[in-house]
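S.K.: The structure's right below; bear with me while I get my questions together.
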2 protein chains.
Amino acid sequence: MDTATSPRELAHPERGDIRLEAVLHALSDPMRLIVVHTLASGPDPLSCSYFDLPVTKSTSTHHFRVLRESGVIRQIYQGTSKMNELRRDDLDALFPGLLDSVLTALARQAAAGGHRR
Amino acid sequence: MDTATSPRELAHPERGDIRLEAVLHALSDPMRLIVVHTLASGPDPLSCSYFDLPVTKSTSTHHFRVLRESGVIRQIYQGTSKMNELRRDDLDALFPGLLDSVLTALARQAAAGGHRR
């Protein structure tokens with residue numbers, strides 16, 4: 001079940017429908033990890049165009065959709081922009097410590113020189 | 001770089017070559033999560049045939065290979081059996097708390113009735 005009610009409202013899984021496997025899959029890509037890391041670094045929603053990912057626009061759109069459909073981010077239209085925010089409350093409630101451990105692991109990997117930015 | 005030196009020795013990434021993205025991908029499948037959960041539940045290496053996964057043998061072999069090539073498990077031949085063990089020391093050293101948070105999340109999801117066993 002999703003919460004979309006109009007073409008301008010994007011489909012999101014409800015908290016109870018978020019699956020661990022889908023969240024781990026969403027987090028298993030370096031571009032999507034950059035998005036999650038960036039959203040986790042500040043309190044404000046960010047537009048898709050804020051992220052200067054080194055991929056095509058359609059690939060970037062795909063990455064945001066995977067993050068949204070897995071329940072990792074919420075996307076809301078503001079005018080013609082899609083604004084993105086991390087669903088930290090939902091993820092922390094469902095899977096305590098998971099998001100933080102992934103973000104910590106990402107930082108450690110980056111510090112070790114293995115993370116392409 | 002891998003440590004394979006003979007056809008009977010299977011390729012494994014060294015600790016320093018284990019990538020967060022690959023580990024998350026390996027953990028993003030329900031069958032592979034069953035394997036990881038089972039290996040994490042006891043101290044002993046277990047043969048592939050110990051796991052009665054509801055998939056074909058070739059799919060099962062694929063799942064074990066993904067786990068091995070990502071660095072999540074170590075596979076060693078014993079006679080004609082492949083024995084599997086979790087690389088917990090390597091994972092905990094690289095990504096502290098990650099494996100435990102995934103196992104905890106899996107248990108919570110199972111308790112909520114969402115995990116097919």
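The values are calculated or read from the model by the stated rules, or taken from the named source; none is laboratory data. Predicted, not measured: the structure shown is a model, and the values here were computed from it. Using ideal geometry, Cβ is built from the backbone for each residue, glycine included, and neighbour counts are taken over all protein chains shown.
S.K.: Sort out which residues of segment A:69-80 are surrounded by 15 or more Cβ atoms within 10 Å (Cβ to Cβ) and over 18 Å from B:L98 (Cβ atoms), and write them in order of number.
M.R.: Taking segment A:69-80 as the starting set, the residues that turn out to be surrounded by 15 or more Cβ atoms within 10 Å (Cβ to Cβ) are A:69-75.
Selection gives A:E69, A:G71, A:I73, A:R74, A:Q75.
S.K.: I'm trying to understand the selection: among the residues of segment A:4-25, which are surrounded by 14 or more Cβ atoms within 10 Å (Cβ to Cβ) and over 13 Å from A:R87 (Cα atoms)?
M.R.: A:L10, A:R19, A:L20, A:E21, A:A22, A:L24, A:H25
S.K.: When A:I73 is evaluated against the numbered criteria (1) within 14 Å of chain B (Cβ to nearest Cβ); (2) β-branched (V, I, T); (3) in contact with a helix residue (DSSP H, G or I) (Cβ under 7 Å, 6 or more places away or on another chain), which criterion, by number, is the only one it fails?
M.R.: It fails just one condition, (1).
S.K.: Kindly indicate the residue of segment B:27-42 that is within 8 Å of chain A (Cβ to nearest Cβ) and hydrophobic (A, V, I, L, M, F, W, C) and also farthest from A:H25 (Cα to Cα) among those meeting that condition.
M.R.: Taking segment B:27-42 and keeping what is within 8 Å of chain A (Cβ to nearest Cβ), we get B:27-30, B:33.
Right, trim to hydrophobic (A, V, I, L, M, F, W, C) and you get B:27, B:33.
On the way: B:L27: 8, B:L33: 12 Å.
For segment B:27-42, the residue satisfying everything is B:L33.
S.K.: Quick one: in segment B:80-115, of everything that is in contact with a Cys (Cβ under 8 Å, 6 or more places away or on another chain) and modelled with pLDDT under 95, which residue is nearest to the other protein chains (Cβ to nearest Cβ)?
M.R.: Taking the candidates together, the pick is B:K82.
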